[in-house]
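The values are calculated or read from the model by the stated rules, or taken from the named source; none is laboratory data. Owing to the predicted nature of the structure, the values given are computational and were not obtained by experimental measurement. FYI the Cβ positions are ideal-geometry reconstructions off the backbone, even for glycines, and counts take in every protein chain you see. In case anyone asks, the SASA skips ligands and DNA or RNA and just uses the protein heavy atoms, side chains included. Shrake-Rupley method; radii C 1.70, N 1.55, O 1.52, S 1.80 Å.
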Amino acid sequence: KGIDSTLVILANKLKNKKQKTGIEVIKEYQDLPLVECYPNQLNQVFMNIMSNAIDALEESEKENLQIRIATQIEQNNTVIISISDNALGMNQETIENIFNPFFTTKPIGKGTGLGLSISYQIITEKHKGMISCNSTIGEGTEFLITIPVEQEVDNG
């Protein structure tokens with residue numbers, strides 16, 4: 001539900017102005033159990049990653065622009081969310097810095113460099129999960145988010 005509500009918010013940006021066809025969103029959702037989480041914060045993570053993907057796709061000169069979103073449950077009761085694009089990809093140096101505060105590849109005034117840093121904190125600290133980035137120059141980028149289904153709630 002969180003992913004789909006984020007897509008509704010981003011619907012206008014997905015109608016790419018440069019390309020007549022816009023950006024195709026491919027959903028590959030498995031049935032997931034309910035996950036104890038902070039939904040607004042997770043939606044912020046989805047928003048940050050998908051907004052970056054849209055920006056990257058708009059910069060590419062490719063045809064058939066796509067964002068692929070897949071969800072699955074692992075045997076160890078971990079939910080995996082994959083958000084990938086088929087834009088230009090990132091080099092290794094960029095990948096190594098992507099979650100650092102204030103790191104951005106965007107021009108001045110376009111981004112703060114905080115979106116992925118905040119996303120990293122939300123996933124790792126608030127949800128006891130992991131977030132990683134894989135990218136291949138010329139092919140695209142994938143973010144993998146893993147979140148345990150049952151978490152120890154910190155009431156302290």
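For the reader, a short list of remarks on this structure follows.
- If you go through the range 72-97 and pick out every residue that is surrounded by fewer than 17 Cβ atoms within 10 Å (Cβ to Cβ) and either in a strand (DSSP E or B) or touching a helix residue (DSSP H, G or I) at 6+ places or on another chain (Cβ under 8 Å) (or both), you end up with 4.
- Checked against (1) free of Cβ contacts under 8 Å to residues at least 40 places away in the same chain; (2) under 23 Å from THR6 (Cβ atoms), ILE108 meets all criteria but (2).
- Residues that are at pLDDT below 95 and either buried (at least 16 other Cβ atoms within 10 Å of the Cβ) or among the polar types (S, T, N, Q) (or both) within the range 104-116 comprise THR104, THR105, GLY111, THR112, GLY115, listed in sequence order.
- Hits in the range 23-55 (condition: polar (S, T, N, Q) and open to solvent by less than 70 Å² (accessible area, probe 1.4 Å)): GLN41, ASN43, ASN48, SER51, ASN52
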